[in-house]
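Following: one structure in C-alpha cells, then a few remarks.
The values are calculated or read from the model by the stated rules, or taken from the named source; none is laboratory data. Just so we're clear, the structure is a prediction, and the values are computed from it rather than from any experiment. All Cβ positions, even for glycine, are placed from backbone atoms using ideal geometry, and neighbour counts span all protein chains on display. Note: areas computed on protein heavy atoms with side chains; ligands, DNA, RNA excluded. Shrake-Rupley method; radii C 1.70, N 1.55, O 1.52, S 1.80 Å.
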Amino acid sequence: MITMGIDIGSAASKAVIMEDGVRILAKGVRSFGIGTSGPVEVYETVLKKAGVAREKIDCLMATGYGRTGFAEADCQASELSCHGKGMSFLIPGIRTVIDIGGQDAKVMEINERGALLKFVMNDKCAAGTGRFLEVMAKVLGMNVEMLGEVSRGSAKELNISNVCTVFAESEVISHLASQETVPDVVAGIHRSVAKRVVGLGSRIGFKPDIAISGGVALNEGVVYAIEKEIKCRIRTHPDAQLAGACGAAILAYEKTAK
Ligand code: ADP
C-alpha cells in the first residue's frame with residue numbers, strides 16, 4: 001500500500017511517500033508554508049521523485065497548521081499525533097519528543113508505538129520557536145541555516161535575558177555594540193531558546209530517550225544548548241524536519257489497512 005503524508009507548517013511544507021507505512025519512497029521539503037506555493041510544490045515533487053501518480057496513493061493525510069486547506073488530502077490529523085508517530089519511526093524507542101517548528105514548540109511524551117500520552121505546547125509567543133531564530137538571524141545578517149555552525153566558535157556564556165522577541169532583538173544589537181563576538185551572541189540566542197523549551201517541558205518531565213523534531217532540530221547549536229540545559233543526551237535524525245509528514249504517512253497506512 002502506498003500512502004503520503006504532507007505537513008503544511010507556518011514556515012515550511014514537508015511531504016513523504018511511504019510503502020506499507022515502513023519504507024520511505026520519496027521525501028521533500030520546501031521552505032515556504034501555509035498560504036504559499038510550498039504545499040503544492042512539495043506534493044508534486046515527491047510524486048515525481050517516487051514515480052507514482054496521485055491515483056496510486058491509497059491515502060493522503062495532511063497535518064500541520066495548514067492541514068485543513070489542502071484540497072488533495074483524503075484526511076487530516078493533528079501535528080501532535082503525527083510528530084510522535086513519525087519520530088518514533090525514525091528513532092525507535094524514544095519516549096519524549098521536543099518539536100520546535102516555525103511558530104510553536106511542543107514537548108510530548110509518547111508510548112512505545114509513538115502514540116501521544118501527554119503534551120505541553122507554546123503557541124502564544126515567538127520565544128523558543130523557529131521564528132525567534134529567524135528574527136535573530138536577520139538582525140545578524142545571516143541565514144537561519146548558518147546559526148548552528150557559527151555558534152561552534154563561542155568561547156563565552158552570554159545570556160539573552162529578554163523573553164520578548166522585540167526586546168531580545170534590541171539586546172542582541174546592544175551586545176554587538178559592546179563588542180561581544182557574533183559566535184557568543186548566537187550561542188546566547190540558542191541558550192535562550194533552550195531555556196524556554198526546557199522550562200515548557202519540565203511541566204510534564206523529560207522521559208528518556210529524548211529526541212528533537214521539527215526544522216530547528218537541524219540547528220546543532222540549539223540541540224547542544226538543550227542538552228546542556230537538560231543535562232541529558234538528545235537524539236536527532238537527518239529527517240527530523242520530516243517527522244510530521246512521516247507520521248502522517250504511517251497513520252494514513254494504519255487507517256487504510258484497518
Ligand atoms: P513549521 O512546521 O512550523 O513550518 P518547521 O518544523 O519546518 O516549521 O521548522 C521551521 C524552522 O526550522 C525555521 O523557522 C528555522 O528556524 C528552522 N530551520 C529550517 N531549516 C533549517 C536548517 N537547515 N538549519 C537550521 N534551522 C533550520
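The C-alpha atoms of the chain define a longest principal axis, and helix 243-257 lies at about 20 degrees to it.
GLU112 exposes around 110 Å² of accessible area when a 1.4 Å probe is run over every protein chain in place.
Note on SER202: accessible area approximately 80 square angstrom, rounded to 10, probe 1.4 Å, nucleic acids and ligands left out. With respect to the chain, whose longest principal axis is taken over its alpha-carbon atoms, helix 182-201 is tilted by about 60°. On the basis of the beta-carbon distance and an R0 of 22 Å, SER202 and VAL163 show a calculated FRET efficiency of 0.90. Computed about the Cα centre, the dipole magnitude for segment 96-215 is approximately 340 debye when only Lys and Arg (+1) and Asp and Glu (-1) carry charge, each at its Cβ.
Only helices enter this figure: runs of n ≥ 4 DSSP H residues, each worth -39500 (n - 2.57), summed and divided by the residues of the chain, yield -12000 deg cm²/dmol at 222 nm to the nearest 500. Whole-Hz Karplus values for segment 66-80 come out as x, 5, 7, x, 9, 4, 6, 6, 8, 7, 10, 8, 6, 4, 4 Hz, taken residue by residue from phi with 6.51 cos²θ - 1.76 cosθ + 1.60 and θ = phi - 60°; glycine and proline positions read x. For LEU25, the residues whose modelled amide H falls within less than 5 Å of its own, excluding neighbours fewer than 5 places apart on the same chain, are ILE17, MET18, GLU19.
Springs join every pair of Cα atoms under 10 Å in this Gaussian network model of the chain, and among ALA168, ALA53, ALA115 the largest mean-square fluctuation is at ALA53.
Once C-alpha pairs closer than 8 Å and six or more residues apart are averaged by separation and normalised to the residue number of segment 94-236, the relative contact order reads 31 percent. Computed from phi, the 3J(HN,Hα) profile of segment 230-242 under the Karplus parametrisation 6.51, -1.76, 1.60 (θ = phi - 60°) reads 8, 6, 7, 6, 10, 8, 9, 8, x, 9, 4, 5, 8 Hz, with x in place of Gly and Pro. Taking LYS156 as the anchor, which lysines have their alpha carbon closer than 20 Å to its alpha carbon, excluding any fewer than eight residues away along the same chain? Answer for LYS156, where 20 Å is the Cα cut-off: LYS195, LYS228, LYS231, listed by chain and number.
By the rule of a C-alpha distance below 15 Å, with chain neighbours fewer than 8 residues away ignored, the aspartates and glutamates paired with LYS118 are GLU79, ASP99, GLU109.
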